[in-house]
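The values are calculated or read from the model by the stated rules, or taken from the named source; none is laboratory data. This is a predicted model, so every value here is computed, not measured. Backbone-built Cβ (ideal geometry, glycine too); neighbour counts: all protein chains shown. With ligands, DNA and RNA removed, areas are computed over all heavy atoms of the protein, side chains included. Shrake-Rupley method; radii C 1.70, N 1.55, O 1.52, S 1.80 Å.
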Amino acid sequence: MSNLYPSIMAIIDRPDTVFVSGKGSWLKDEQGALWLDFIQGWAVNSLGHCHPAVVSALQKQAESLLNPSPAFYNKAMIGLAQQLTANSVFDEVFFTNSGAEANEGAIKLARKWGAIKRDGAYKIITFEHGFHGRTLATMAATGKPGWDVLFPPAVSGFIKVPYNDIGAVEAAVDNDSVAIMLELIQGEAGVIPATAEFLHELSRLARKHGLLLIVDEVQTGMGRTGTLFAYEQFGIEPDIMTLGKGIGGGVPLAALLTKKRFSCFEPGDQGGTFNGNPLVCAAGQAVIDTLLQPGFLDSVQRKSAYLSDRLGEISQAFQLGKVRGKGLLLALDTRQISAPNIAAKAFKQGLLLNAPRPNTLRFMPALTVSEHEIDQMIRWLCASIEGSQSIGRKMDA
Ligand SMILES: *Cc1c(COP(=O)(O)O)cnc(C)c1O
C-alpha cells in the first residue's frame, strides 16, 4: 500500500491499481491487465460492470433530462416507484442517494410515527454486529464493535441486542420503543443469516407491541439473495424497507419504502437535492426490468447452488468451515487461515475478493456471473489458499 495520489483523502488503504473499464465480471486496469471481480463494488453492480441495459438507459436519459428538481415529478422516478411497489408489499417509495441516507429516512419516519401515533415513543431496537451506514444516526444504529465511541456524542435512542435472540429483544422493549430495525442477513458482519424462527417471533413481537418492523435490505435486496427481496424467503411482511447498493446497477441510488398506513412525513420533513433524479432512476428501471425478466432470478438461484457446491468442495479439500448465505451473497468460513491473507494473495493473481472478518471470505459476484467465471475464481481461490497455508513460502503468481 502506498499513497500514490495524495490529493485523494486516504480514508482506506488503497492498492496502487487504477481501473479504467469493466465488462460483466471483469475489470481492466490502466496497464491493460484483466481482473475477475467477485466484489462488484460491494454488491453494487448487480448486473456486472457496464451492463448494456444500464448503459443504454443512462445514455438515453442523459440525452433527454438530468434533473428537473426533486420538487417535480419525472417519468423515471414514477416508473421505478411503480415497479418497486407492484413487486413488493409496499405502497410508497422515497428515493435517496445512498443506503445510509435511506436508513436515515427510515429512522426519521419511525420517530415521526412515534411522535404522532405512539405518544412520543422514539427508541429503535437494533442488533449487535448489524450495519446500517456511516452517517451519525446510522452509525449509532450500527452494531460494529467499537463504533459506539466514535465521533461523540453519539445519536441516542438506539438499543442494541444480540442477533437471533428473541428473548433479548423482548427484554429491550419498553414504552418508548417504536421500531425494530435489522438486516435479514448481516452482510458486513460476515454474511450471518437471521433464522426463520427468529424472524417469525420478531414479527409477532412487533405486532404485539405496536412496533414498526424495518428491514434494511440495502445489501440483500434487488435479486442478490435469489428473490427480488430477501424478506420473501423468510415468510415475513415488514412495515418499512430500505434498498441501496444493487438497485442502481452501479450508480448512486437507494430507496425507502413503506406501507401507506405508516407514511406520515409532512411536506418539509424529508427531501434532498438529488433525490429521485431521472438519471439514476432510469438506471434503476433497467436493473429491475432485467431482474424481472422470466428466468433471471431462477438463474441467480442456479448459480448460487453452483457456487455454493464449489465452495463446499474447497472447504472439504482444505478442511475449512461452513458456506453461509443465500443467492449470490455467500461466505466461506476459513477457520484458522487468515481470510484477509487469502484475499491479498487472490489480488496478486487478479482476483478481487472481500474478507469482512479475519476468518470470513465474502462472495458477491455479478448476478450475471457465468459458471465458467465461477470455475476460474475457484482455481485462483485454491491457489490463494495454498499460498496462505504455507506461511513464509513465496507464491509465484
Ligand atoms: C452498504 C450498506 C449500507 C450503507 O449503504 P451506503 O450506500 O454505503 O450508505 C447500509 N446497510 C447495509 C445493510 C449495507 O450493506
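Values computed for the structure shown
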| item | result |
| --- | --- |
| Count of region 155-186 residues which are within 19 Å of the chain's Cα centre (by Cα) and β-branched (Val, Ile, Thr) | 2 |
| Helices (runs of 4 or more DSSP H) wholly inside region 39-151 that include at least 1 residues being touching a strand residue (DSSP E or B) at 6+ places or on another chain (Cβ under 6 Å), away from the ligand (no atom under 16 Å from the Cβ) and modelled with pLDDT of 95 or more | 52-64, 75-86, 99-117 |
| Filter result (open to solvent by 10 Å² or more (accessible area, probe 1.4 Å) and of a type in the set (S, T, N, Q)) within region 24-48 | 31, 45 |
| Odd one out for residue 52, checked against (1) within 12 Å of residue 249 (Cα to Cα); (2) in contact with a Pro (Cβ under 6 Å, 6 or more places away or on another chain) | (2) |
| Meets criteria (in contact (Cβ under 8 Å) with a residue 40 or more places away in the chain and not in a helix (DSSP H, G or I)) for residue 3 | no |
| Residue list for region 304-319, filter: over 20 Å from residue 184 (Cβ atoms) and open to solvent by 10 Å² or more (accessible area, probe 1.4 Å) | 306, 309, 310, 312, 313, 315, 316, 317, 318, 319 |
| Inter-residue pairs, beta-carbon under 8 Å, first without any contact (Cβ under 8 Å) to a residue 60 or more places away in the chain and part of a strand (DSSP E or B) and in region 172-191, second within 10 Å of the ligand (Cβ to nearest atom) and acidic (Asp, Glu), 6+ apart | 182/216 |
| When residues of region 322-354 are limited to those that are open to solvent by less than 10 Å² (accessible area, probe 1.4 Å) and in a loop (DSSP other than H, G, I, E, B), the one farthest from residue 193 (Cα to Cα) | 350 |
| Qualifying positions in region 192-206 - in a helix (DSSP H, G or I) and either without any contact (Cβ under 8 Å) to a residue 12 or more places away in the chain or of a type outside the set (A, V, I, L, M) (or both) | 197, 198, 200, 201, 203, 204 |
| Of all residues in region 172-206 being charged (D, E, K, R) and within 12 Å of the ligand (Cβ to nearest atom), the one that is most open to solvent (accessible area, probe 1.4 Å) | 188 |
